[in-house]
Amino acid sequence: MLLNKCSSTREPMETSAWVLTSLDSRTDKNCNGKKCLLSMLFINAVFIIVFFWYENKPIRWHYESRLRCRQEMLYDKPQIFKPPRSDVLMVTPWLAPIIWNGSYNIDILNAQFHQRNVRVGITVFAMKKYTVFIKTFIETAEQFFMVGHKVNYYVFTDRADDISNFTLPEGRQLVILEVPSYKQWQEVSMRRMEMIRDKANQRFYKEVDYLVCVDVDMRFSDFVGVEILSDVFGTIHPGFYNAQRGSFTYERRQKSTAYIPTDEGDFYYAGGYFGGTVEEVYKLTNFCHKAIMTDKHNSIEAIWHDESHLNKYFLYHKPTRILSPEYLWDNNFGVPQFLKRRRFVAVPKNHNEIRNKRAL
Ligand code: 5GW
Ligand code: MN
């Protein structure tokens, strides 16, 4: 309405001003044929320009998109004295939101991210026997992960032949990245930082806007959407959401670069779920990989490997968004009251069968 009003009042007035000046010159005694013709042409040109301006696409498109947004975005007004959740912390002291069920409106967020045509990459490692987890991972992700958005699955593996073909809908694709394997499982886990860093630099930045980096021994069991996306995000480990900082399993030996003193720390973040823009994930993985290499040089390995380094990174580079344990749960921890959704849950694995030396 507002736009229509603007264009119908302002432009015709401007037009009539032009017409008057032109008419003045027509009635001038010194007017010759050439001048008249030029004036007529000029008036015609002005009319044509105004006509197209009035009818042009940007205004109509803008108007239509306003209508579309209005229809999609009818929702309850936020209420200052009625926070949607009062049983859990919803914002950190550095003003990063903590994402819980009920704390956001997915329709508003989807409209925002669709406007930006956001592309999301999800990285997983399926090395050695862990290729068995891929099928469930992708099938459940197709049901629940970033539904309606563009998604690239980046599967790092040393056994490309073991990964079956999936038919994915338009806008979603599977990319297999063949990488060398490492003997020790700790190395398999830690080298993820290096490999994500290298691919971020080589190709991810051209193909996606955000990266989500997760463990593969998992299944999606509820929606995970654009509410998780932010410059750099981490996830609260399901085993430590209510723990004192002194009992977080941070690296406590000063010799390691991952060392954190007992009187520091905000949350204990899970190694199996972090992400952000490609640039931020590059910075994070580069930092962690370099720290892992320094430790290796000094013959020390952090207690929880890449997870210890991730926690060190997040202590001094605060995440801009934090995912609640809804986003990374293990049913061995039961189902507490505050947990309204279990969106991404560990698949129980037979540790001996999947991990023992013979199996590897
Ligand atoms: C193998 C033996 C012991 C520990 C890890 C592995 C292993 C891990 C492997 O053989 N292949 C592999 O691809 N991984 C990757 O590292 C998977 O993406 C896996 O999700 C991730 C972390 O290892 P997890 O899931 O066994 O660790 P937890 O702490 O979740 O049990
Ligand atoms: Mn895992």
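Structural remarks
- Applying the condition of being more than 16 Å from ligand 1 (Cβ to nearest atom) and surrounded by 21 or more Cβ atoms within 10 Å (Cβ to Cβ) to segment 198-222 and asking which residue is nearest to I108 (Cα to Cα) yields Y210.
- So Y269, is it open to solvent by less than 40 Å² (accessible area, probe 1.4 Å) and within 14 Å of ligand 1 (Cβ to nearest atom): yes
- Restricting segment 122-144 to residues that are away from ligand 1 (no atom under 16 Å from the Cβ) and touching a residue at least 40 places away in the same chain (Cβ under 8 Å), the residue that is least open to solvent (accessible area, probe 1.4 Å) is F144.
- Whenever a residue of segment 90-106 is over 20 Å from Y316 (Cβ atoms), its partners that are aliphatic (A, V, I, L, M) and at pLDDT below 95, lying with C-beta atoms within less than 9 angstrom and at least six residues away or across chains, give the pairs N105/M73.
- Filter pass, E251 being of a type in the set (D, E, K, R), touching a helix residue (DSSP H, G or I) at 6+ places or on another chain (Cβ under 8 Å) and within 14 Å of M190 (Cβ to Cβ): yes
- Screening G276 with (1) open to solvent by less than 10 Å² (accessible area, probe 1.4 Å); (2) assigned to a loop (DSSP other than H, G, I, E, B); (3) under 24 Å from L95 (Cα atoms) gives one miss only, at (2).
- Segment 223-253, subset away from ligand 1 (no atom under 16 Å from the Cβ), open to solvent by 30 Å² or more (accessible area, probe 1.4 Å) and of a type outside the set (S, T, N, Q), residue farthest from D266 (Cα to Cα): F223
- Exactly one residue among E187, E178 is touching a strand residue (DSSP E or B) at 6+ places or on another chain (Cβ under 8 Å), within 16 Å of ligand 1 (Cβ to nearest atom) and over 20 Å from R343 (Cβ atoms), and that residue is E178.
- Qualifying residue in segment 166-176 (condition: under 17 Å from G275 (Cβ atoms) and among the β-branched types (V, I, T)): yes
- Check on L89, more than 30 Å from Y241 (Cα to Cα) and modelled with pLDDT of 65 or more: no
The values are calculated or read from the model by the stated rules, or taken from the named source; none is laboratory data. Owing to the predicted nature of the structure, the values given are computational and were not obtained by experimental measurement. Because the Cβ atoms are built from the backbone with ideal geometry, glycine has one as well, and the counts that use them run over all protein chains shown. The protein model used for the area step is the full one, side chains on, heavy atoms only, and it has no ligands, DNA or RNA in it. Shrake-Rupley method; radii C 1.70, N 1.55, O 1.52, S 1.80 Å.
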